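What follows is a short report on a single structure.
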Amino acid sequence: MSQLTNDSVLNRLQEQFGPAIISHEVPYGLLTVEVQSEKAHDMIAWLKEDDVLKMSFLTLIGAVHYPDQKGRELCVNYHIHSLVHNVRLRIRAFVPIAEPNIATITDIYIGADWQERETYDFFGVNFVGHPNLTRILNEDDMDYFPMRKEYHLEDATREDKDDRYFGR
Amino acid sequence: MGKVEKKPRIEDVETINGEGFQLATLDKVIAAARANSVWPLPFATSCCGIEYMATMGSNYDLARFGMERMSFSPRQADLLIVAGTISKKLAPILKQVYEQMAEPKWVLSVGACASSGGIFDTYSVLQGIDRVIPVDVYVPGCPPRPEQIIEGIMNIHRLVKHESLRRRYSDEYKHLLNKYHLNEDEPTDK
Amino acid sequence: MSDSLNKPASLFSKDTIDGEIATLNLGPTHPATHGIFQNVLTVDGEKILNSVQTVGYIHRAFEKLAERRPYNQITPITDRLNYCSSPINNMGWEMTVEKLIGAEIPKRVEYMRVIIMELARIADHLVCNAVIGVDTGALTGFTYMFQQREAIYELFEEVCGARLTTNIGRIGGFERDFNDTFYKKLDAFLKNFPKHFEEFDSLLLRNRILMDRTINAGPIAGDRALEYGFTGPNLRAAGIDYDVRVMNPYSSYQDFDFTVPVGTQGDTYDRFCVRQEEIRQSLKIIRQALDNMPEGHHFAANIPEFYLPRKDDVYTKMEALIYHFKIVMGETPVPVGEVYHSVEGGNGELGFHLISDGGRTPYRLQFRRPCFIYYQAYPEMITGQTISDAVLTLSSLNVIAGELDA
């Protein structure tokens, strides 16, 4: 069914987006492409419309926080799947934590709506152009982004559990 | 008059043989009536809710305890069964549901998450519902087996049977409600 | 009422046109919504014009919790994602870690996993269909089918000791072999369940009332569902046959012969029928796995660095003692890497995106939760329908709150 391999996908992407692709690797069989954050939206839109690749299913949007990489702290991952050719692709874009702006893809996939809100809620990534970028899972009045590495898992205000006995 | 035989039909309530009379104290009769027809409000949030549904099912059958009718309206419920994790976002809603219930009311906290936060010692989970409402019986487990939930309910029945009729008007109870800042939004005329 | 309770309702305007449009708050604690999520509906009489959702009432911070726990301690957290079919979540996680460490799993273990996963899928679909019946007023089916779920619970108990949140399996296989009681109970289940299930089916499938209530209730078109990222029975009811077991087979699913049922309109009746048929297909898979189970008594892969050694070896052999110590303390040598693995959960593609930095806990673990992604489509599905259809659509989507909020 699938004549597409990771190499042919990569070649086609490089033909179209050559300079925007910063690096690529294939961990565990899943082609992972790092692009400039300004170009991520265009690449995903092109992938959806392209007749050869037909990558038109958005699997997952997520982010990772790397506090040690200055200027590239937040990494936004897009997992795209081509249901026709059964090929998956991961697109990665790094944004600095001081200005974590990246274009939203809700105009391409409406299913990105809540996933981007969740990423904003957890990491503070600002999806420019999102219709309703508010917190979704946490309380609305929370003033920090809990999944960032500097914050603890536990609620700092709880008084009854003594950290000494809980191995923390 | 016939022979007086001690044939208790209801615990602690004496009956006189065949004459259609029963001799008991009022609070024992009321306690028996309350205990055998508790109307629960299942506040089921997560996995413990599914075990609660299994307890309601025909294998473990809560109906034999008089709990056939699940009241989903707090106004008509006696027992608030909180089964599942309560997050900080949900806590004010739990409090509001508890406040809407009419006296006398009891609370059964099913599962580790409702009792103490369970395995989720995180920033978003309320570490036990007794931080917002007073709890009568805690059932540990993750999730507790239906037999454990039934034991929790039987403990509630024991509490109900031995509760004094004046308990809800006592100072001690009022002090308990004040500690939780309950009913502070409503005008009080009590 | 305190302010925080009014917050969700104030998200939309309260303008009324000639006083005909009303707002109705459905939830978060509502007997009709099986789970804790809020929908504020704008209704014109009975007809729904718009709805605004609020989720996150059981947000338990799984992803942050996973960064704190060693790899084998994360399995109990995955239980609590879709708790109606927790073995599938457990095995999905174990397979993700096995993919990361490059473990070779023996075929017998894979067949055992298939049996457990399909039993879990049956349990999950039974809940959903029984609850669709309850919402239309058919309470009998619920009582009958929960009895059958008890039989499935007994099977899980034989293997792992727990009924609902199973923590079944280990990285590398299972903690113990299936014993004779399990096989006896499984045979009894395979013999007794189909006739009870067909009885349940005959009560509901061609029932005039159910059909009138559920046909054209909450429809969604296939391509629209794909835009949202639907997966699982909800997508298949809309006409697209995407099943992770077929497209990216894992755990030897390619050895089994089963069909993937597909609906046409994507309405509640289609979802009901698709799940009914999937239960039958799951039974077929279990029978095939049982008949073709490879010989032997091994129940785990040979990965001593991740799989606890036998206790009598721990007391006599030095390497076993060291491995035991390291595994229990969580100091397993996981390679640095990034892996994404997905399984077909009860609700669709359940994915695990794991980034490891070689430490004892994951650097980042993200769950691709199917419920969270398809629940976004709910306002679109109920616009123009009546309130009772909205309730029915919600129960047919099988939104499990644990998976929604994680």
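By counting other Cβ atoms within 10 Å of each Cβ, how are C:Ser282, C:Ser388 ranked from fewest to most?
C:Ser388, C:Ser282
Pick out, in residue order, every one of the GluC sites (Glu not before Pro) in region A:74-168 that is DSSP loop and has at most 10 other C-beta atoms within 10 Å; say none if there are none.
A:Glu150, A:Glu159
Picking from A:Leu83, A:Leu74, A:Leu47, which is most flexible by a Gaussian network model of chain A using Cα springs under 10 Å?
A:Leu83
Using the alpha-carbon atoms, what tilt in degrees (0 to 90, nearest 10) does helix A:40-49 show relative to the longest principal axis of chain A?
Helix A:40-49 sits at roughly 40 degrees to that axis.
Which of B:Val82, C:Asn39, C:Gln147 sits farthest toward the positive end of the charge dipole of the protein assembly as shown, with +1 on the Cβ of Lys and Arg and -1 on the Cβ of Asp and Glu?
About the Cα centre, the residue reaching furthest to the positive side is C:Gln147.
Whole number please: convex hull volume per residue of the Cα set in the protein assembly as shown, in Å³?
Each residue corresponds to 207 Å³ of Cα convex hull volume.
Could you work out how far helix C:139-160 tilts from the main Cα principal axis of chain C, as a 0 to 90 degree angle to the nearest 10?
On a 0 to 90 degree scale, this one is about 20.
Once every DSSP H run of n ≥ 4 in chain C is given -39500 (n - 2.57) and the sum is divided by its residues, what mean residue ellipticity at 222 nm do you get, rounded to the nearest 500 deg cm²/dmol?
-14500 deg cm²/dmol
Let's see if you can work this out: charge +1 on each Lys and Arg Cβ, -1 on each Asp and Glu Cβ, no other charges. What is the dipole magnitude of chain C about its Cα centre, in debye to the nearest 20?
Rounded to the nearest 20 debye, it is 680 debye.
C:Asn216 to C:Ala32: FRET efficiency via 1/(1 + (r/R0)^6), r the Cβ-Cβ distance, R0 25 Å, to the nearest 0.05?
0.80
What size of dipole, in debye to the nearest 20, comes out for region B:39-179 about its Cα centre when the only charges are +1 on Lys and Arg C-beta atoms and -1 on Asp and Glu C-beta atoms?
So the dipole magnitude of region B:39-179 works out to roughly 360 debye.
Once both axes come from the Cα atoms, what is the angle between helix C:268-291 and the longest principal axis of chain C, in degrees from 0 to 90, rounded to 10?
In chain C, helix C:268-291 runs at an angle near 20 degrees to the longest axis.
Taking only Cα atoms and a 10 Å spring cutoff, compute GNM fluctuations for chain B and point out the largest among B:Pro143, B:Pro40, B:Pro92.
B:Pro92
Using a 10 Å cut-off around each Cβ of peptide B:109-117, what is the average number of partner chain Cβ atoms that fall inside?
Mean partner-chain Cβ count within 10 Å for B:109-117: 1.
To the nearest 0.05, how large is the calculated FRET efficiency for B:Asn178 and B:Ala24 if R₀ is 25 Å and r is the Cβ-Cβ distance?
The computed FRET efficiency comes out at 0.15.
Can you tell me how region C:24-154 classifies by the Cα gyration tensor, rounded, prolate or oblate, using a/c under 1.5 as the rounded cut?
Oblate.
Give the residue from A:Pro96, A:Gly129, C:Ala300 lying farthest towards the positive end of the charge dipole for the protein assembly as shown; charges sit on Cβ (+1 for Lys and Arg, -1 for Asp and Glu) and the dipole is referred to the Cα centre.
Comparing the listed Cα positions along the dipole, C:Ala300 ranks first.
Grab the Cα-Cα distance for C:Phe325 and C:Thr143, subtract it from 0.36 nm times how many residues apart they are, and report the gain in nm with one decimal.
60.8 nm
So what is the relative contact order for region A:6-100, in percent, with contacts set as C-alpha pairs under 8 Å and at least six apart?
It rounds to 25 percent for region A:6-100.
Using a 10 Å cut-off on Cβ to Cβ distances, tally the other chain neighbours for every residue of C:224-234 and report the average as a whole number.
4
Going toward the positive end of the dipole of region A:6-100, with +1 on Lys and Arg Cβ and -1 on Asp and Glu Cβ, which of A:Thr32, A:His81, A:Ile22 do you reach last?
Farthest along the dipole direction, towards plus: A:His81.
If you rank A:Thr59, C:Thr231 by fewest surrounding Cβ atoms within 10 Å, what's the result?
With the sparsest Cβ surroundings first, the list reads A:Thr59, C:Thr231.
Can you sort C:Thr42, B:Thr122 by how many other beta carbons sit within 10 Å, fewest first?
C:Thr42, B:Thr122
Of B:Thr85, B:Thr45, B:Thr25, which has the largest mean-square fluctuation in a 10 Å C-alpha GNM of chain B?
B:Thr25
The numbers here are math on the coordinates, done by the rules we state, and not lab data. Bear in mind the structure is a predicted one, so any value in this text is a computation, not a measurement. In this analysis, Cβ positions are derived from the backbone assuming ideal geometry, glycine residues included, and neighbour counts consider all displayed protein chains.
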